[in-house]
Structure formats: C-alpha cells, structure tokens
Amino acid sequence: MRFSRTAVILAVSASLLSPAVADAASAPPGPVTLTESSLQGVHGVSPDVTVRNVLTVTASGTALRVRLGNPFGASPLRVRSVWVGRQPSPGSPALAPGSNRRATFGFRHAVTIPPGASAWTDPLPLSVRRGDRVAVSVYAPGSPVDDHTFPPPETSTPGSFASAGPGDAGADESGRAYGAFAPGVLWWADAISAASAARGTIVALGDSITDGYNAFGGGPRWTDVLAERIATRPPSRRLSVANAGISGNTVSVQPNPYDPTGQCCGPPAPARLDRDVLSLPGVRYVLLLEGTNDLGGGDYAPPAPAAQVIGAMRTIAGRVHAAGRRIVGATILPMCNAAGGPKEQARLAVNAWIRTSGTFDAVLDFDAVLRDPADPTVIRADRRTDCYHPNAAGDRLLGDSIDLRVFGL
C-alpha cells in the first residue's frame, strides 16, 4: 500500500505556512543546530582515555561549536582538551588531514563543567557539508561519564572510538591511537551548531522510534530520511534536523517503566525539554513523537491512562509555543495491543485528541502511515521489526510521508 504525502497531514494552520514561506528568502545566515544526541544518564567514571565521538550533521555550516554536558554527574566534568575534525570513513577513527582543530572554551583549552551544567566551545575554523561526520575527541579522565548509549541503527550511526592507551590522543589525525568503533555510544558530546544558510532547526523529540532502535534492514532513521529530503531544497530553503530521541523515554512525568534508576531512558520529556530542545540554537519547529512507553507500561510503572499522556503533550506544546516555536504532533504507532483492550483504547483516545484538539500547529498521522489495514492494532508486517518499532523500510516510509509544507518548505 502506498500513502500520499499530503494524505497524512491532518491539520496545518495558516499561520504555520504563510510567514515561514514569506521570510525564508530574506533570513540571514545564523546559528542552527546541525546534530544532536541527547544524553540519557551517567555510567561510571572515565578512565585515562580519549573518547572520539562521531556525529553526522544534517546541514552545511561554518564556525562549528560543540556542546559538552554533565547533566547527571554528581561531580564536575573536568575536560582537559577537546579536538574537532572531520571523519571521512565511517568505520575508521582517522580524520581528514588538516581538519582537526583544538577547541577552546572562553579561549581556554580546559573547562570544568559543574553537575547539571553544559558548555559550548568557542567557534572553530571548520566547515562542514550535510552528511559529514564530525569527530569530537574529548579527554576528561576521572570525570563522570554522561552518555548516550543505545542499540544503534545500521546506517548514519552515531558512536565513538576510545584510545588504546592513556593520555590525550585528541590531536591524532591518523587514528592509530584508537581502538574499535563502539556504535551507539557517545560520551559528553550532545550537540553541534554552526553558522548556516539553513534558516533554522527541527528538533524531533521522541523515544526509541526516533532514536533508531531496531530500525534494521539497511537504511537510515526516519529523521535522517527527513533531512535527506530537505537537503534537496535550495540552501536558503533548508532546515537542519536534530534527533532528540532517547530509547525508553516517556512523554509524561512518571517513574520509568523499564528502569527504576533512570539511567537507561533519560528524564521524561517535560523534564528535558529545555536542555534537549529549547536551549538549542536556531530551533523553529519541534516534532513530538512520544507516548508509546507511557501507554505500554512495564515492570516499574503501570500503563498510563490517556488523560495523563494528553496532559503531558498539552504541557509540552504550551511551553514550546510560549518560547515562540511551533510544534508538530505525530500520532502514536500501533503496539500489538488487543483490540478493545484498555491499552489500545487509550492509544486510540490519545491519537483522536492529537488529530482533533488543535493543540498542535500541524499533525502527522504516523499511525495511518504504518498500521496494517487488515489489523490496525499492529504495524504492517513488512514495515516492522517488532510490535513497537518500524524496521528501516518503515522508517523510510515515515520519513517520506512527511509533507514538507508543515515546515514552511
């Protein structure tokens, strides 16, 4: 079955489309967020190694800045040095010759980041194009490891290399100082921004479906598909895409269903909204796809009622609007819950509210895109990995289904 891109757009306000189209050509280059990988917890203390984090950017830009975070550490993050360069080959820690730059923080090479805080580097004399991989090499031995660790998608994978020996290996462009690639593991580095002709950033706030968990089958995540499509537009008509998905995340403030320690799945979306969304440079649109983990429940939290999920979404939308941004809501995908059962009834109620409440500036009906016409309680068999997660083909379908007019394009 094929779905037209326009068919999945249920509501687009006139205020969303007209001003964005009108101001696109006249907007001067400014700071945008080129990529993000939201930190989700703290796991131990860093040994005496350098960690070369690799993230892929979704727009072109110059004067790169990198954000390092210590949101969960109980002690300061003591960064001794940071180097930033381009990584030309996906599986190799080697950098493009001459691309590696030593970063500063207020013109100092070292920085101490208190618990709960973050720090941006000064602008670096480094340019990137959409799709480039940026390597951020951080040397911070003895510091709390604030990380993003998740089972990664098969392509466009964030990840890292750790140096094989002690000491600061950030300046090594050859990559010989580093060991094997650890897909899906990032330490401290959670965002890259730049001056860009792109006229702003879309932040996808979500859970594992946005994070890319189980998107198997040899394709990118749906957020990467969206970025690919936007890249076909003229430079001044583009937006960057930042992925703020965390596997296991909840949209409402509640105990996490899967992890009572809170280390696996990040704070609930309202608690991380400022850090992971509103504080990023250039944000114009928020795309919210959450609720599966709330409605499904787990060993440590019961299934949430529809009213709880709706209340959380309404709160997030209100805060986004108060900050002067626009928010797009996506309906919740099927979860293999029994037809007529309480979980499925709650999902249907939340989706009906998303479609009809007018809370969002626009709605993407992802449920309609992926549900099985013969059994709407499940994702189509050829588009799913399991009951909750699309495979790569499903992610491709989601990314292709988004009408770019939602973002003024």
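The values are calculated or read from the model by the stated rules, or taken from the named source; none is laboratory data. Note that the structure is predicted; figures quoted are calculated from it, not measured. Positions of Cβ are backbone-derived with ideal geometry, glycine not excepted, and every protein chain shown enters the neighbour counts.
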_Check on ALA162, touching a residue at least 60 places away in the same chain (Cβ under 8 Å), in the same structural domain as ARG80 (by TED's automatic domain parsing), in a loop (DSSP other than H, G, I, E, B) and not β-branched (Val, Ile, Thr)_ = no
*Within the set of pairs 6+ apart or on separate chains, which have a first residue in segment 232-254 that is not assigned by TED's automatic domain parsing to the domain that holds TYR285, a second that is at pLDDT 95 or above and of a type in the set (Val, Ile, Thr), and C-beta atoms under 8 Å apart?*
none
*Can you tell me which of ARG65, ARG52 is surrounded by fewer than 24 Cβ atoms within 10 Å (Cβ to Cβ) and either assigned by TED's automatic domain parsing to the domain that holds ALA140 or not charged (D, E, K, R) (or both)?*
ARG65
_Can you list residue pairs whose Cβ atoms sit under 7 Å apart, with the first residue in segment 376-397 being more than 20 Å from ASP211 (Cα to Cα) and the second being of a type in the set (S, T, N, Q)? Count only pairs 6 or more apart in sequence or on different chains._
THR377/ASN337
_Residues (farther than 21 Å from LEU295 by Cβ and surrounded by fewer than 19 Cβ atoms within 10 Å (Cβ to Cβ)) located in segment 350-392_ = GLY358, PRO373, ALA374, ALA381, ASP382
*Residues of segment 261-319 that turn out to be part of a loop (DSSP other than H, G, I, E, B), on the phi < 0 side of the Ramachandran plot and over 15 Å from the mean Cα position of the chain (by Cα), as a count*: 9
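Per-residue answers, yes or no, for (1) at pLDDT below 95; (2) buried (at least 24 other Cβ atoms within 10 Å of the Cβ); (3) not charged (D, E, K, R):
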{"residue": "ALA171", "(1), (2), (3)": "no, no, yes"}
{"residue": "PHE181", "(1), (2), (3)": "yes, no, yes"}
{"residue": "ALA197", "(1), (2), (3)": "yes, no, yes"}
{"residue": "GLY200", "(1), (2), (3)": "no, yes, yes"}
{"residue": "VAL203", "(1), (2), (3)": "no, yes, yes"}
{"residue": "THR210", "(1), (2), (3)": "no, yes, yes"}
{"residue": "ALA215", "(1), (2), (3)": "yes, yes, yes"}
*Within the bounds of segment 141-148, is there any residue that is more than 21 Å from ARG78 (Cα to Cα) and within 22 Å of the chain's Cα centre (by Cα)?*
no
_Condition check for ALA204: in contact (Cβ under 8 Å) with a residue 12 or more places away in the chain, in contact with a helix residue (DSSP H, G or I) (Cβ under 6 Å, 6 or more places away or on another chain) and in a strand (DSSP E or B)_ = yes
_Residue list for segment 52-99, filter: in contact with a Phe, Trp or Tyr (Cβ under 8 Å, 6 or more places away or on another chain), closer than 17 Å to ALA194 by Cβ and of a type in the set (S, T, N, Q)_ = ASN53
_Top-ranked residue in segment 219-238 [being in a loop (DSSP other than H, G, I, E, B) and in contact with a helix residue (DSSP H, G or I) (Cβ under 6 Å, 6 or more places away or on another chain); ranked as surrounded by the fewest Cβ atoms within 10 Å (Cβ to Cβ)]_ = GLY219
*Scan segment 109-122 for residues that are surrounded by fewer than 17 Cβ atoms within 10 Å (Cβ to Cβ) and closer than 27 Å to ARG176 by Cα and jot them down.*
HIS109, ALA110
_Kindly evaluate THR356 against the criterion of being among the hydroxyl-bearing types (Ser, Thr, Tyr) and closer than 30 Å to ARG326 by Cβ._
yes
*asked:* Scan segment 269-286 and tell me whether some residue there is more than 21 Å from ARG326 (Cα to Cα) and either surrounded by fewer than 24 Cβ atoms within 10 Å (Cβ to Cβ) or of a type in the set (A, V, I, L, M) (or both).
replied: no
